[in-house]
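To start, the structure under review is shown below, and the notes come after it.
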Amino acid sequence: MILVCVGATEYKLDRLLRLLDELCEENVLKGEEIVAQIGSTDYRPRHYRSFHLISREAFQKYMEEAEFVITHAGTGSVIPLLKLGKKVILFPRRERYKEHVDDHQLELRDALTREGYVLSAEKKEELKRAIEEIKTFHPKKFQSNNHRINQMVIDFIEAL
């Protein structure tokens, strides 16, 4: 099963949902079960199951069962997947499409892609290629930097 996640904000990510329908129509995703969390979108997928929002527990079960996940590049969606060791394709929200207030998701995408944790795509052909590549992709084991960030905060406070 392929899980698709667009997050729970008021911003829509119809662009990704439409591209997935197109790839289904082109048989790129032939025979694949796709389940999408579509949040506040107006778009209704035609070729795969979808839901707006569900409980954290139910979503956790989908994450655990997914073969791989296609998600926006929000930390609240990406980090839990990496901690589970899931194969992930990031599809960052873009300001130019009014999917967010700025392009900060590109920074997270760039960092995680560079480190070998995820694959990424922004356009249809890139998404198609990432879906083909994900089958043989072996993500690097995720290493959190929380301890380093915590120490930076402690150092800053102590310096006051």
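Computed extension gain for Glu65 through Asp110, at 0.36 nm per residue and net of the alpha carbon distance, reaches 13.6 nm. Residues whose amide H lies under 5 Å from that of Ser120, counting only those 5 or more places away or on a different chain, are Leu90; hydrogens are built 1.01 Å from N in the peptide plane.
When the pairs Lys30/Lys124; Lys83/Lys128; Lys61/Lys87 are compared against a 23 Å limit on Cα-Cα distance, Lys83/Lys128 fall above it. Spin-label pair Phe156-Glu57: with each label point 7 Å from Cα along the Cα-Cβ axis, the two points sit 3.7 nm from one another. Fully extending the segment from Asp103 to Lys30, taken as 0.36 nm per residue of separation minus the present Cα-Cα distance, adds 23.1 nm. Taking the 1.4 Å solvent-accessible surface of the range 33-160 as the whole, the part contributed by carbon and sulfur is 52%.
Label 7 Å along Cα→Cβ of Lys141; the range 100-125 residues with amide nitrogen under 20 Å? Inside the label zone: 112-119. Restricting the range 6-95 to trypsin sites (Lys or Arg not before Pro) that sit in a DSSP loop and have at most 16 other Cβ atoms within 10 Å of their own Cβ leaves Lys30, Arg46, Arg94. Remark: the range 1-69 carries 51 Å² of accessible area per residue (probe radius 1.4 Å; ligands, DNA and RNA excluded). Site pair Asp42 and Arg129 shows an inter-label distance of 3.2 nm when each label is modelled 7 Å from Cα along Cα→Cβ.
The values are calculated or read from the model by the stated rules, or taken from the named source; none is laboratory data. Only a predicted model underlies this, so the values are computations on that prediction, with no experimental measurement involved. Using ideal geometry, Cβ is built from the backbone for each residue, glycine included, and neighbour counts are taken over all protein chains shown. We work out accessible area using only protein heavy atoms, side chains counted, and drop any ligands, DNA or RNA first. Shrake-Rupley method; radii C 1.70, N 1.55, O 1.52, S 1.80 Å.
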